[in-house]
Amino acid sequence: MKIYKLSLTLALMLLFSMSFAQEAIDNKVWKALSSVEYKITEDEYGELYVPVFSEEAKAMEGKEVTVPGYIIPFEGLFKPDHVIVSSLPLASCFFCGSGGPETVIEVYLDESIDYTESVVAFKGKLKLNDQDYEQLMYILEDAELIGEVGK
């Protein structure tokens, strides 16, 4: 009986986390960015996965786009003018959960912002990054915070 209760509890937790992970923000920019593929190469440190961006993502590069998302509050990474934004809630994002690297974008803001747990939208110029491995593969430059989504 104890095993049954434990199994049922684990199953319910798994179902809850799966449904929570599927709460990605529905946005045409995130959809285009999610269709990335990778080619495997090597450098002096070993195997390297280099992003191969979709034609849809390439068509948006250098253009102003609006991206909604969740600010990721990593110690040392949250700076008022440089944030990481995820299309998934924190528990499911690339750094903490099951999301892939295509679910996050690095945002460089013109003005400092305060952290919030709300879904917010940013507007800026999209840069696709397949060269600098010190940065994320998606970058939003000259960005501004538009505000909370749905308010």
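The values are calculated or read from the model by the stated rules, or taken from the named source; none is laboratory data. As the structure is a prediction and not an experimental result, all values here were calculated from the model. Every residue, glycine among them, receives a Cβ derived from its backbone with ideal geometry; neighbour counts consider all protein chains shown.
Give 106, 23, 55 a once-over and let me know the one that is acidic (Asp, Glu), surrounded by 11 or more Cβ atoms within 10 Å (Cβ to Cβ) and at pLDDT 90 or above.
106
Can you pull out every residue in the range 108-147 that is among the aliphatic types (A, V, I, L, M), closer than 22 Å to residue 53 by Cα and in contact with a Pro (Cβ under 9 Å, 6 or more places away or on another chain)? Please lay out each step first, then the result.
Narrowing the range 108-147 to residues among the aliphatic types (A, V, I, L, M): 109, 113, 119-121, 126, 128, 136-137, 139-140, 143, 145-146.
Going one step further and asking which of them are closer than 22 Å to residue 53 by Cα, we end up with 126, 128, 136-137, 139-140, 143.
Hits for the range 108-147 are 128, 136, 137.
For every residue, the table says whether it meets (1) surrounded by 14 or more Cβ atoms within 10 Å (Cβ to Cβ); (2) modelled with pLDDT under 85; (3) not in a strand (DSSP E or B).
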| position | (1), (2), (3) |
| --- | --- |
| 5 | no, yes, yes |
| 9 | no, yes, yes |
| 13 | no, yes, yes |
| 17 | yes, yes, yes |
| 31 | yes, no, yes |
| 39 | no, no, no |
| 47 | no, no, no |
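Is at least one residue of the range 89-98 outside any loop (DSSP other than H, G, I, E, B) and either modelled with pLDDT of 95 or more or touching a Leu at 6+ places or on another chain (Cβ under 9 Å) (or both)? So far as the range 89-98 goes, no, none of its residues is outside any loop (DSSP other than H, G, I, E, B) and either modelled with pLDDT of 95 or more or touching a Leu at 6+ places or on another chain (Cβ under 9 Å) (or both). For the range 49-86, which positions are part of a loop (DSSP other than H, G, I, E, B), closer than 15 Å to residue 139 by Cβ and not aromatic (Phe, Trp, Tyr)? Once the filter is applied, which keeps residues that are part of a loop (DSSP other than H, G, I, E, B), closer than 15 Å to residue 139 by Cβ and not aromatic (Phe, Trp, Tyr), the range 49-86 yields 61, 62, 63, 72, 77, 81.
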